[in-house]
Amino acid sequence: MNAINVDNLTKYYGDLLAVDHISFEVKQGEFFGLLGPNGAGKTTTIRILTGLLKPTSGVVHVMETDVVKDPVNVKAQIGVVSETTNPYLEMSAWDNLMFAGSLHGIPKKEREERAKNLLKLFGIYKRRNERVEKFSRGLRKRVAIAMALIHDPPLLFLDEPTSGLDVQSARMIRELLRRLNERGMTIFLTTHYIEEADMLCDRVGIIKDGKLIALDSPENLKAANKEERVVEASFDKRVEGIEKELARLPAVNRVKKHGDKIQLYTDDPSEVVHGISRFAEERNLRIVSINTLTPTLEDAFVTLTGLSSLDMERMEQIGRLRRMRIREA
């Protein structure tokens, strides 16, 4: 049985087409990711799947229930953590979970047992009686996820769960999600952090301009991009404009700076390695490191969407404008 079935889902906001006839399924126990820049349709899709929005057309079943016809039954079987979800700051972590459990009609004794187990799992049981306003952003996110799990749902929706978190907090959230999935929970994740989806997801869908343009496992998406390889090199001295110079080497398709390293994308790694050696000799540079890398999920994403890092930044800006239009609609 599938946890989610989506057939020809479409959503308009006035004349704005936010989701464009997409279809996919999510298996029970699967960790599924929906990738794309802000404004691509990820958040609209997850809001429809969780019963917060009605689609313009198409059919959506969550846990074998029609979301439009029976949203109450769907909401009883899912947990939802959006990018803006926050616990009540004036309440303690314990009281937040007690309150969330009461909304689901869970008896007090059972509520207390579940809250205790969740707070221990999330590493905040010792601070359960502190007001959440004293917590860091990462701890608040953990409380929010625990609240979404208090009624023991088989399916958890997460919209940008690590957005704005520091590295340590984001790593902790990802580890918690892995453990929940290992226990059999189906997780639906939307994110524009491509590396995060690569680390967590069994399968990912890539959405652009409301259209689902790819759907497969991260490894299969990388393998589809295997014709282009990456040669990564670093030198002992910084050279102004080195990216442009290296881009002119034979067999180099494009160049990207990655920290103190330069990544050269090519269909002929051997030719590029020789070219780098000649370049270093001519410029009196010493090669500190040189490696041939396999394609990443980000590389596959760029190939499929045509979006560079600069394009992604622009799409983020467009996404913010689109959300403003949606709120005003």
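Among the residues making up region 163-203, those that are surrounded by 15 or more Cβ atoms within 10 Å (Cβ to Cβ) and acidic (D, E) are E196, D198, D202.
Kindly provide the set of residues from region 6-37 that are of a type outside the set (A, V, I, L, M, F, W, C) and either surrounded by 22 or more Cβ atoms within 10 Å (Cβ to Cβ) or under 23 Å from R183 (Cβ atoms) (or both), ordered by number.
Hits for region 6-37 are K11, E25, K27, Q28, G29, E30, G33, G36, P37.
Figure legend. Inter-residue proximity from region 121-140: first residues open to solvent by 30 Å² or more (accessible area, probe 1.4 Å), second residues in a loop (DSSP other than H, G, I, E, B) and of a type in the set (D, E), beta-carbon distance below 7 Å, spacing 6+ or different chains. Indicated pairs: R131/E90; E133/E90. When L177, L156, L165 are checked against the criterion of being in a loop (DSSP other than H, G, I, E, B), closer than 23 Å to R47 by Cβ, of a type in the set (A, V, I, L, M, F, W, C) and touching a helix residue (DSSP H, G or I) at 6+ places or on another chain (Cβ under 8 Å), L165 stands alone in meeting it. Examine region 252-271 for a residue that is in a helix (DSSP H, G or I), open to solvent by 80 Å² or more (accessible area, probe 1.4 Å), at pLDDT 75 or above and of a type in the set (S, T, N, Q), and state whether such a residue exists. No: zero hits. Within region 3-46, if we keep just the residues that are in a loop (DSSP other than H, G, I, E, B) and of a type in the set (D, E, K, R), the residue that is nearest to the chain's Cα centre (by Cα) turns out to be E30. Consider region 281-308 and keep the residues that are of a type in the set (A, V, I, L, M) and open to solvent by less than 20 Å² (accessible area, probe 1.4 Å). The one that is farthest from E245 (Cα to Cα) is L297. Within region 228-244, the residues that satisfy the criterion of being closer than 19 Å to N291 by Cα and either open to solvent by less than 50 Å² (accessible area, probe 1.4 Å) or outside any helix (DSSP H, G or I) (or both) are E228, R229, V230, V231, E232, A233, S234, F235, D236, K237, R238, I242.
Among the residues of region 80-97, the ones that are assigned to a helix (DSSP H, G or I) and crowded, with 19+ Cβ neighbours inside 10 Å come to 4 in all.
Considering (1) farther than 23 Å from D202 by Cβ; (2) surrounded by 15 or more Cβ atoms within 10 Å (Cβ to Cβ), the lone condition that N2 does not fulfil carries the number (1). The single condition among (1) at pLDDT 95 or above; (2) loosely packed, with under 15 Cβ neighbours inside 10 Å that R111 does not satisfy is (2).
Against the test of being in a helix (DSSP H, G or I), of a type outside the set (S, T, N, Q) and under 25 Å from P37 (Cβ atoms), the options E281, E219 yield a single qualifying residue, E219. Scanning region 71-78 turns up no residue that is open to solvent by less than 50 Å² (accessible area, probe 1.4 Å) and either in contact with a helix residue (DSSP H, G or I) (Cβ under 8 Å, 6 or more places away or on another chain) or more than 30 Å from K11 (Cα to Cα) (or both).
Scanning region 204-220 for residues that are among the aliphatic types (A, V, I, L, M) and open to solvent by 20 Å² or more (accessible area, probe 1.4 Å) returns L212, I213, L215.
Looking at L49, is it open to solvent by less than 20 Å² (accessible area, probe 1.4 Å), at pLDDT 95 or above and under 18 Å from the mean Cα position of the chain (by Cα)? Answer is yes for this residue.
The values are calculated or read from the model by the stated rules, or taken from the named source; none is laboratory data. Not measured: the values here are computed from a predicted model. We place every Cβ from the backbone using ideal geometry, glycine too, and count neighbours over all the protein chains shown. Surface areas here come from the heavy atoms of the whole protein model, side chains and all, with no ligands, DNA or RNA. Shrake-Rupley method; radii C 1.70, N 1.55, O 1.52, S 1.80 Å.
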